[in-house]
Amino acid sequence: MSRIGKLPVELPASVEVKVSDDNLATVKGPKGELQEQISKSIKVEISDGVLTVSRGSDTKESNKLYGLSRTLINNMIIGVTTGFEKRLQLVGVGYRAEKKGKVLVMNLGYSHPVEMEDPDGIQTEVASPTEIVVKGISKELVGNYAANIRKWRRPEPYKGKGIHYAGEVVRRKEGKSGKK
């Protein structure tokens, strides 16, 4: 039995959760609305401001999806109340970012600037020329967009240049050593 799946989820007063007959979970809150299709083998019950997830049967599939379903619903609740954010740091000489409307423009050492338009539900901010903040209510979308930004220049192990997540430790390698 999943240790995560059996934990109850406390519902804040500002959040409204509905689960339809076909297990479509809809969460509405002050920051927006999110929907997620939950497997038919999982039962979601709401009573007295507490959401509980249980397995409908003892099959292998429902055991796999038990903790996942609870975590997805919990992430939706957190997203519509406080939201999610990822911070990225640009490390390298001449690496910088700026915001032009809904377009993030980054100079990453290529012959041209890299331009990325913010998808729906995601906002990017440039806190400083070398720091990008990706915000949104969906944890999945925020993480995917931050990963897409990072793909342009992954951190390299010799000089440490590239796009890092804030707090990420890049393992450094020693370069070639001369003849001794």
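The values are calculated or read from the model by the stated rules, or taken from the named source; none is laboratory data. Quantities reported herein were computed from a predicted structural model and do not represent experimental measurements. Methodologically, a virtual Cβ is constructed for each residue, glycine included, from the backbone with ideal geometry; neighbour enumeration extends over all protein chains shown. Side chains are part of the model used for accessible areas, which takes the heavy atoms of the whole protein and leaves out ligands, DNA and RNA. Shrake-Rupley method; radii C 1.70, N 1.55, O 1.52, S 1.80 Å.
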Item to complete: For Val50, work out the one condition from (1) aliphatic (A, V, I, L, M); (2) open to solvent by less than 40 Å² (accessible area, probe 1.4 Å); (3) in contact (Cβ under 8 Å) with a residue 60 or more places away in the chain it doesn't fulfil.
Response: (3)
Practice prompt. Taking only the stretch 134-180 into account, find how many residues are part of a loop (DSSP other than H, G, I, E, B) and open to solvent by 60 Å² or more (accessible area, probe 1.4 Å).
Written response: 18
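Can Lys86 be described as surrounded by 14 or more Cβ atoms within 10 Å (Cβ to Cβ), in contact with a strand residue (DSSP E or B) (Cβ under 8 Å, 6 or more places away or on another chain) and modelled with pLDDT under 95? Steps first, answer last, please.
On the way: surrounded by 14 or more Cβ atoms within 10 Å (Cβ to Cβ): yes; in contact with a strand residue (DSSP E or B) (Cβ under 8 Å, 6 or more places away or on another chain): yes; modelled with pLDDT under 95: no.
Answer is no for this residue.
Got a sec? Which of Lys6, Lys43 is assigned to a strand (DSSP E or B) and either surrounded by fewer than 14 Cβ atoms within 10 Å (Cβ to Cβ) or at negative phi (or both)? Give the steps one after another, and end with the answer.
On the way: Lys6 fails: assigned to a strand (DSSP E or B).
Of Lys6, Lys43, the one residue that is assigned to a strand (DSSP E or B) and either surrounded by fewer than 14 Cβ atoms within 10 Å (Cβ to Cβ) or at negative phi (or both) is Lys43.
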Worksheet entry | Complete set of residues in the stretch 16-34 that are in contact with a Ser or Thr (Cβ under 6 Å, 6 or more places away or on another chain), in contact (Cβ under 8 Å) with a residue 12 or more places away in the chain and either surrounded by fewer than 16 Cβ atoms within 10 Å (Cβ to Cβ) or in a loop (DSSP other than H, G, I, E, B) (or both) | Pro30
Worksheet entry | Residues of the stretch 78-135 classified as β-branched (Val, Ile, Thr), over 15 Å from His164 (Cα atoms) and touching a Leu at 6+ places or on another chain (Cβ under 8 Å), total | 4
Worksheet item: Within the stretch 54-63, can you find the residues that are open to solvent by 10 Å² or more (accessible area, probe 1.4 Å) and in contact with a Ser or Thr (Cβ under 9 Å, 6 or more places away or on another chain)?
Response: Arg55, Gly56, Ser57, Thr59, Glu61, Asn63
